[in-house]
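Here's the structure, in structure tokens; my notes come after.
The values are calculated or read from the model by the stated rules, or taken from the named source; none is laboratory data. Since we're looking at a predicted model, the values are computed, not measured. Neighbour counts run over all protein chains shown; Cβ positions are idealised from the backbone, glycine included. Side chains are part of the model used for accessible areas, which takes the heavy atoms of the whole protein and leaves out ligands, DNA and RNA. Shrake-Rupley method; radii C 1.70, N 1.55, O 1.52, S 1.80 Å.
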Amino acid sequence: MEKRQEIYRGKAKTVYATDDPQRLVMHYRDDVSAFDGAKLAKLDRKGETNNRINAWVMGKLAEAGIGTHFVSLLNERESLVKAMKMIPVECVVRNVCAGSMAKRYGIEEGTRLPEPIFEFFLKSDALHDPLVNDDHIRVLEWATEAEIAQMKALTHRVNALLKPLFANAGIDLVDYKLEFGHPLDDPQGELVLGDEFTPDGCRLWDAKTGEKLDKDRFRRDLGEVIEHYREVGRRIGVPL
Ligand code: UDP
């Protein structure tokens, strides 16, 4: 595999083409952003930390039979992934009320939910990722009814798998965001998980103390962001 030109630069990752049109290199940078790019910084070792945590999580999902775009770790900051056609919505599952849901409905952050709540958001920084429902997605043709059902089922399956894995490491999986797509080499097949699963895209609280171990440390200026990301990694068994 040969790495070729940059094809996309996101807020925290850069994607490169390879000599195989079905494969891309995902490069995790040290950049961190919040509030749709309004707050930006660089955090030393963030790229390598997230690359390793993501590889570990994707491996666990694959073992459980959940399809992902992850192919292999290439080096400290890069992973090889399948090229995908992404669905332009974000799938969020919440086990505990926090963040935008707490604000939207005036519910105290930290309120435990009797069962997980699923939410869709349109992926659009310009529109600040508005909450959308199944009808918006289907009628406006961002995804089909079958794809909507698959995104929900897969996001719940990820929860059923990851919640106990984090709990065993003394970590509460509060909420997280997933993105799905179709691999270019299987455009009609089942959706597979794309993007990443790292402390940038989920909320993780210490099960005993409630201390935040995720990107809220950056959003809310709590300090020692990467130290806490690495603590998450070490607790779940990622060599960091
Ligand atoms: N999230 C994300 N990217 C987004 C929006 C949310 O990774 O563009 C994650 C976020 O880190 C949290 C979960 O999805 O773990 C739910 O986020 P929420 O809707 O509460 O929004 P926030 O207040 O974090 O912007």
Subject >> Single condition residue 65 does not satisfy, out of (1) open to solvent by 30 Å² or more (accessible area, probe 1.4 Å); (2) on the phi < 0 side of the Ramachandran plot >> reply: (2)
Original post:
Which pairs do you get when a residue that is open to solvent by 20 Å² or more (accessible area, probe 1.4 Å), found in the range 202-227, comes within reach of a residue that is more than 15 Å from the ligand (Cβ to nearest atom), reach meaning Cβ atoms under 6 angstrom, with the pair 6+ apart or on two chains?
Top reply: 207/170
Subject >> Residues that are closer than 24 Å to residue 138 by Cα and more than 16 Å from the ligand (Cβ to nearest atom), drawn from the range 155-178 >> reply: 157
Original post:
Inside the range 179-206, can you point out the residues that are more than 9 Å from the ligand (Cβ to nearest atom) and in a strand (DSSP E or B)?
Top reply: 180, 181, 182, 183, 192, 193, 205, 206
**OP:** Considering only the range 72-112, state which residues are part of a loop (DSSP other than H, G, I, E, B), free of Cβ contacts under 8 Å to residues at least 40 places away in the same chain and either more than 10 Å from the ligand (Cβ to nearest atom) or open to solvent by less than 50 Å² (accessible area, probe 1.4 Å) (or both).
**Re:** 76, 97, 106, 107, 108, 111
Subject >> Hits in the range 113-137 (condition: within 11 Å of the ligand (Cβ to nearest atom) and open to solvent by 80 Å² or more (accessible area, probe 1.4 Å)) >> reply: 123, 128
